[in-house]
1. How many residues does the range 253-289 contain that are more than 25 Å from M65 (Cα to Cα) and in a loop (DSSP other than H, G, I, E, B)?
2. Looking at the range 43-51, is at least one residue out of contact with any strand residue (DSSP E or B) (no Cβ under 7 Å at 6 or more places or on another chain), at pLDDT below 75 and over 24 Å from G185 (Cα atoms)?
3. Where in the range 127-232 are there strands (runs of 3 or more DSSP E), lying wholly inside it, with at least 3 residues that are charged (D, E, K, R), buried (at least 23 other Cβ atoms within 10 Å of the Cβ) and in contact with a Gly (Cβ under 9 Å, 6 or more places away or on another chain)?
4. Only one of these conditions is not met by P245: (1) in contact (Cβ under 8 Å) with a residue 24 or more places away in the chain; (2) open to solvent by 70 Å² or more (accessible area, probe 1.4 Å). Which number is it?
5. If we keep just the residues of the range 52-87 that are open to solvent by less than 50 Å² (accessible area, probe 1.4 Å) and among the β-branched types (V, I, T), which is modelled with the lowest pLDDT?
6. Let me spell it out: the conditions are (1) touching a helix residue (DSSP H, G or I) at 6+ places or on another chain (Cβ under 8 Å); (2) open to solvent by less than 100 Å² (accessible area, probe 1.4 Å); (3) modelled with pLDDT under 70, and K22 meets all of them except one. Which number is the exception?
7. Which of the residues belonging to the range 133-191 are among the basic types (K, R) and within 16 Å of the chain's Cα centre (by Cα)?
Amino acid sequence: MNDLSAAPRPERQRKPDWIRVKAPVSKGYHETRTLMRELNLNTVCEEAACPNIGECWTKKHATVMILGDVCTRACAFCNVKTGMPRKVDPLEPEHVAVAAARLGLEHIVVTSVDRDDLPDGGAGQFVKVIEALRRNTPSTTIEILTPDFRGKMRPAVEAICAAGPDVYNHNLETVPRLYPTIRPGARYYASLRLLEEVKRHDPMIFTKSGIMLGLGEERLEVHQVMDDMRCAEVDFLTMGQYLQPTPKHAKVADFVTPQVFDAYGAIARAKGFLQVASSPLTRSSYHAGDDFAQMKAAREAKLAARKA
């Protein structure tokens with residue numbers, strides 16, 4: 001008989017104290033989870049194993065992931081399942097709006113898996129979700145985090161911008177050099193063009209993008225990504241620590257200290273971003289509502305200063 005206990009186990013990287021979080025146990029967490037199950041909604045909080053799920057769900061802040069829970073790509077950093085997705089749920093837009101109303105959300109973040117199998121890449125479902133939210137919870141501000149709509153970018157962005165989200169987010173994820181291994185199904189400059197296209201269609205939509213640190217990027221490469229984003233008129237930059245979801249995913253090359261995140265944040269603000277979130281636990285939708293309010297105020301102050 002084989003001694004299974006003697007089989008080598010994958011080496012687990014020990015997380016530093018500054019990114020350890022408590023397991024979710026609150027009443028609010030369980031109520032949020034129950035509502036998501038009741039409405040048959042997926043969340044990136046669960047699917048991507050977000051470390052902030054306990055804090056956010058306790059406050060009843062959930063980031064909905066539309067278009068199913070199966071992605072057509074296999075990025076080396078992402079914990080979402082890969083394979084052939086199921087049919088798009090026609091009830092999903094209304095369910096998202098019901099969830100926003102029942103959670104009492106002032107600001108909602110809606111993201112999705114990649115759906116390269118769909119003729120429009122899933123853009124039509126984003127439009128329907130935005131429209132359902134405007135009908136049912138008109139005071140809720142809407143932030144979307146979309147894929148790159150490979151090969152379908154311009155018509156997808158045009159349709160979504162016409163629906164009028166308040167914030168359009170698309171993450172660059174990492175520096176260009178690491179794309180072949182970390183994000184092989186995407187192209188860095190195609191993602192930059194998407195962000196530029198959003199501003200071309202509607203300069204008043206806030207644009208947002210983020211990168212993960214700790215994948216082996218160099219300091220000057222991070223600075224260059226900031227410059228590229230500013231050239232694309234991105235308003236809001238997020239930077240957070242990459243955490244390896246499972247042993248089969250890309251390993252963490254470095255646990256970046258809070259002090260280094262602070263330094264990157266200061267540089268980003270000096271480069272002209274309206275809003276910057278830079279910390280080990282920062283994620284695209286973490287504190288998104290508060291950040292949106294601050295970004296909106298920063299734009300208003302900037303416009304007032306120009307008039308003066």
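1. Total meeting the criteria: 9.
2. Within the range 43-51, the subset out of contact with any strand residue (DSSP E or B) (no Cβ under 7 Å at 6 or more places or on another chain) is 45-46, 48-51.
This time we only want the ones that are at pLDDT below 75, so: 45-46, 48-51.
Subset that is over 24 Å from G185 (Cα atoms): 51.
So far as the range 43-51 goes, yes, one or more of its residues are out of contact with any strand residue (DSSP E or B) (no Cβ under 7 Å at 6 or more places or on another chain), at pLDDT below 75 and over 24 Å from G185 (Cα atoms).
3. Working: elements: 141-145, 167-169, 206-213.
Fully inside the range 127-232 and qualifying: nothing.
4. (2)
5. Going through the qualifying residues, I end up with I53.
6. (2)
7. Let us first name the residues in the range 133-191 that are among the basic types (K, R), namely 134-135, 150, 152, 154, 177, 183, 187.
Hit for the range 133-191 is R183, nothing else.
Let's see how each residue does on (1) polar (S, T, N, Q); (2) touching a strand residue (DSSP E or B) at 6+ places or on another chain (Cβ under 8 Å):
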site	(1), (2)
E158	no, no
C161	no, yes
Y168	no, yes
T174	yes, yes
R183	no, yes
E196	no, no
V222	no, yes
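The values are calculated or read from the model by the stated rules, or taken from the named source; none is laboratory data. Values in this document were obtained by computation on a predicted structure and should not be read as measured data. As a convention, Cβ positions derive from the backbone with ideal geometry for all residues, glycine included, and neighbour counts pool all protein chains shown. Side chains are part of the model used for accessible areas, which takes the heavy atoms of the whole protein and leaves out ligands, DNA and RNA. Shrake-Rupley method; radii C 1.70, N 1.55, O 1.52, S 1.80 Å.
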